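Here the structure comes first, spelled out in structure tokens, and everything after it is commentary.
The values are calculated or read from the model by the stated rules, or taken from the named source; none is laboratory data. All values derive from a computational prediction rather than experimental measurement. Here the Cβ positions follow ideal geometry from the backbone for every residue, glycine too, while neighbour counts run over all protein chains shown. Ligands, DNA and RNA are stripped out before the accessible areas are found, and what is left, the full protein with its side chains, is counted by its heavy atoms. Shrake-Rupley method; radii C 1.70, N 1.55, O 1.52, S 1.80 Å.
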Amino acid sequence: MYHAVDRDPAPAVLGLSVTPEAFAAQMAVVAERGFTPLTTAGLAAAWRDGAPLPARPLLITFDDGYEGVHRHALPVLAKHSFASTVFVSTGWLRGRHDEGGAPDTMLDWAQVRELADAGTEIGGHSHSHPQLDQLDAARLRFETLRCREVVGEELGTAPVSFAHPYGYSSRRVRRAVREAGFAQALAVGNALARRRQGPYALERMTVRRSTGTEEFVRLVEGRAIARNFAADRAMTKGYALARRARGSLRGHWI
């Protein structure tokens, strides 16, 4: 799971960004070690239908929709003929649906179309990037449906894959995502994706500014993941308890 790919991102996204040089080196690792990137939709379809997966399957995903994904990541992906999925928060992208609040320079819709034309899957990431599990039913429905409608309107094809903002979800959120028309969704979890996680909470691993080449190799090889993300998992558990308490008070945690 990537976010911004930029040499000098905004402070708000610095920690979750990677430099273009680091991204190129990481994709070289993926190529050298014989992984086969595929889209989120491709993975989910294979698992649903029981179709065989390619050798060493791997998802390369980008959340939010930062402009550097087009400027810096797309040429590297094209060089290796790698598939990927970009999950966009439609109210953050530059253009007529922009509602402000984006933490950095985002893609515009011409760039999104170029990504799609190059074979990148465009997925949904809500409209305004809220914590979905804290929303009431009406707002939750709006965030999921509006996102899918906008992508469909701009690209001519509605997205089938979704990524939960911040990785947060609940049964109520996953049900809303399904009812909005998405066929699968990704969380974070910082673990390998497994079929048993279900189609609406598949886990991913975070790649950060601080992720060095050796650490990246361990991540894609599936080694020492629990140790690598021990601090993240402890924080995630704490956040989950706090969100559950807030949601219960609001009557939203179902």
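Annotation: Arg174 fulfils all but one of (1) open to solvent by 60 Å² or more (accessible area, probe 1.4 Å); (2) in a helix (DSSP H, G or I); (3) out of contact with any Gly (no Cβ under 9 Å at 6 or more places or on another chain); the unmet one is (3). Of all the criteria given as (1) closer than 17 Å to Val160 by Cα; (2) touching a strand residue (DSSP E or B) at 6+ places or on another chain (Cβ under 6 Å), the one not satisfied by Val207 is (1). Going through segment 54-74 one residue at a time, which ones are over 22 Å from Phe162 (Cα atoms) and open to solvent by less than 60 Å² (accessible area, probe 1.4 Å)? Answer for segment 54-74, where residues must be over 22 Å from Phe162 (Cα atoms) and open to solvent by less than 60 Å² (accessible area, probe 1.4 Å): Pro54, His72.
Only one entry of Ala138, Ala193 meets the criterion of being closer than 28 Å to Ile225 by Cβ, among the aliphatic types (A, V, I, L, M) and open to solvent by 10 Å² or more (accessible area, probe 1.4 Å), and that entry is Ala193. If you take the residues in segment 93-130 that are of a type in the set (A, V, I, L, M, F, W, C) and open to solvent by 30 Å² or more (accessible area, probe 1.4 Å), which one is nearest to Pro165 (Cα to Cα)? For segment 93-130, the residue satisfying everything is Ala102. Inside segment 143-168, residues that are buried (at least 23 other Cβ atoms within 10 Å of the Cβ) and not in a helix (DSSP H, G or I) make up a count of 5. For Thr40, the criteria (1) open to solvent by 10 Å² or more (accessible area, probe 1.4 Å); (2) touching a residue at least 60 places away in the same chain (Cβ under 8 Å) hold in every case but one, which is (1). Scanning segment 56-90 for residues that are assigned to a loop (DSSP other than H, G, I, E, B) and on the phi > 0 side of the Ramachandran plot returns Arg56, Gly65, Ser81.
Table: residues versus (1) in a helix (DSSP H, G or I); (2) open to solvent by less than 50 Å² (accessible area, probe 1.4 Å); (3) acidic (Asp, Glu).
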{"site": "Ala25", "(1), (2), (3)": "yes, yes, no"}
{"site": "Val29", "(1), (2), (3)": "yes, yes, no"}
{"site": "Gly34", "(1), (2), (3)": "no, yes, no"}
{"site": "Arg48", "(1), (2), (3)": "yes, no, no"}
{"site": "Pro52", "(1), (2), (3)": "no, no, no"}
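Here segment 75-92 is the region considered, the condition is being open to solvent by less than 10 Å² (accessible area, probe 1.4 Å) and polar (S, T, N, Q), and the residue that is nearest to Pro165 (Cα to Cα) is Ser89.
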